[in-house]
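Engineer: Sending over a structure as structure tokens; questions will come in a sec.
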Amino acid sequence: MTDAAPARPALPDDAAADRRDIRALLRVMARLRDPESGCPWDVAQDFSTIAPYTIEEAYEVADAIDRGSMADLVDELGDLLLQVVFHARMAEEAGAFAFPDVVEAIVTKMIRRHPHVFAEDGGADQDAVRRRWEDIKAEERAAKAARADAAPATAPSLLDDVGRAMPALMRAAKLGKRAARIGFDWPDARGVLDKVAEETTELREAMDAGHHDAVREEVGDLLFSVAQLARKLHLDPEDALRRADAKFERRFRALEARLTAEEGGGPIDADRLEALWQAVKASEAEAARIPEDLPGPDKETT
């Protein structure tokens, strides 16, 4: 006799008919948010408390992609979709909108922003598509600013829809990209590199003066300039920093392993730590190097 397969948790109503149907997820969320029979934690949440989870799940998606794990990606995409459904459910309870309105809004937006696919502009080249895309987004920003819920004293700006909640490095690059549309930009990456050097000098001066507020401001200016340098080099500063984080973590773990193996985990001075750190870096470089003097499988030897 074999063990029975574990029972799958029941879904409310007819949602159990097809777990691949988005309506199943909508019903699950409705059940979780039910004030009488739902989950107390889910019922207690609001937009502001859920927003950090939404951001976190987007990063989990990016991490799964970076690691090339399709198994994790399908799971993380589900978690991110849950966030959309959670927000839509709370909005529906408040009488603001519901999930179908979210779907309708994005379908309408995608059709509007792609006239070269859905309208008369078929066959447009890439530059024309990009220009039309920017024109449409400019029209959308103007319309958004004109809505009743926009601040009446605020004039429309290219920067209007650069979200304040996005990571600061990402937002810095996007602000620079928007400003560049009217020519407010460096001519090339080397110009930004000069700006980075200038900001580094100003930071040193603020540090020498011992002014904490000035130091904080100059550190911010330096980070902003580095974000623009990444942008001019066609790099995502967030991605570059994530890779630097991963490299540091990998090397530090290797340093810890050497400390345990060579030093026994006891106290160690700064010079020895630096020597071990350089050894870790050298070991990585050696492992990554492919000797040019070794014959490959297709090369003849004499």
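The values are calculated or read from the model by the stated rules, or taken from the named source; none is laboratory data. A quick note: this is a predicted structure, and the numbers were derived from the prediction, not measured. All Cβ positions, even for glycine, are placed from backbone atoms using ideal geometry, and neighbour counts span all protein chains on display. The protein model used for the area step is the full one, side chains on, heavy atoms only, and it has no ligands, DNA or RNA in it. Shrake-Rupley method; radii C 1.70, N 1.55, O 1.52, S 1.80 Å.
Engineer: With Kirkwood's inverse mean 1/r over C-alpha pairs for Rh, give me the Rg to Rh ratio of the range 26-103, two decimals please.
Structural biologist: 1.03
Engineer: Can you give the log10 of the normalised intensity I(q)/I(0) at q = 0.16, 0.20 Å⁻¹, computed with Debye over equal Cα scatterers of the range 26-185?
Structural biologist: -1.27, -1.38
Engineer: Moving on. How would LYS177, LYS137, LYS281 line up by accessible area, probe 1.4 Å, largest first?
Structural biologist: Working: LYS177 125, LYS137 30, LYS281 70 Å².
Solvent-accessible surface, decreasing: LYS177, LYS281, LYS137.
Engineer: Counting every Cα pair in the range 164-233, what percent are over 21 Å apart?
Structural biologist: Details: 710 of 2415 pairs.
The answer is 29 percent, as a whole percent.
Engineer: Rounded to whole Hz and in sequence order, give me ³J(HN,Hα) for the range 127-139 from the Karplus expression 6.51 cos²θ - 1.76 cosθ + 1.60, θ = phi - 60°, writing x for Gly and Pro.
Structural biologist: Computed from phi, the couplings for the range 127-139 are 5, 5, 4, 5, 5, 5, 4, 5, 4, 5, 5, 5, 4 Hz.
Engineer: What is the dipole size for the range 50-93, taken about its Cα centre, with +1 at each Lys and Arg Cβ and -1 at each Asp and Glu Cβ, in debye to the nearest 20?
Structural biologist: So the dipole magnitude of the range 50-93 works out to roughly 100 debye.
Engineer: So, one more: Using the charge dipole of the range 38-104 (Lys, Arg: +1 at Cβ; Asp, Glu: -1 at Cβ; taken about the Cα centre), state which of GLY78, GLY68, ALA98 has its Cα farthest towards the positive end.
Structural biologist: ALA98
Engineer: Under the Kirkwood approximation for Rh and a Cα-based Rg, what ratio Rg/Rh is obtained for the range 127-256?
Structural biologist: Computed over Cα atoms, the ratio is 1.07.
Engineer: Whole-Hz ³J(HN,Hα) for each residue in the range 55-67, computed from phi via Karplus 6.51 cos²θ - 1.76 cosθ + 1.60 with θ = phi - 60°, x for glycine and proline: what do you get?
Structural biologist: For the range 55-67, the Karplus-derived couplings read 5, 4, 5, 4, 5, 5, 4, 4, 5, 4, 5, 4, 7 Hz, x marking Gly and Pro.
Engineer: Throw me the Rg/Rh for the range 199-253, computed over C-alpha atoms with Kirkwood Rh, two decimals. Could the numbers behind the result be given before it?
Structural biologist: Details: Rg = 14.1 Å, Rh = 12.7 Å.
Dividing the radius of gyration by the Kirkwood radius yields 1.11.
Engineer: Taking N as the number of residues in the range 195-286, what is its alpha-carbon radius of gyration divided by 2.2 N^0.38 Å? Mind showing how you got there, number by number?
Structural biologist: Numbers: Rg = 17.7 Å, N = 92, 2.2 N^0.38 = 12.3 Å.
In units of the globular-protein estimate, the range 195-286 measures up at 1.45.
Engineer: Strictly over 18 Å apart at the Cα level, which of LYS137/LYS177; LYS109/LYS137; LYS232/LYS281; LYS109/LYS232; LYS109/LYS177; LYS177/LYS247 would you flag in this model? Let's see the in-between values first.
Structural biologist: Numbers: LYS137/LYS177 14 Å; LYS109/LYS137 10 Å; LYS232/LYS281 28 Å; LYS109/LYS232 29 Å; LYS109/LYS177 22 Å; LYS177/LYS247 28 Å.
Long pairs (Cα-Cα over 18 Å): LYS232/LYS281; LYS109/LYS232; LYS109/LYS177; LYS177/LYS247.
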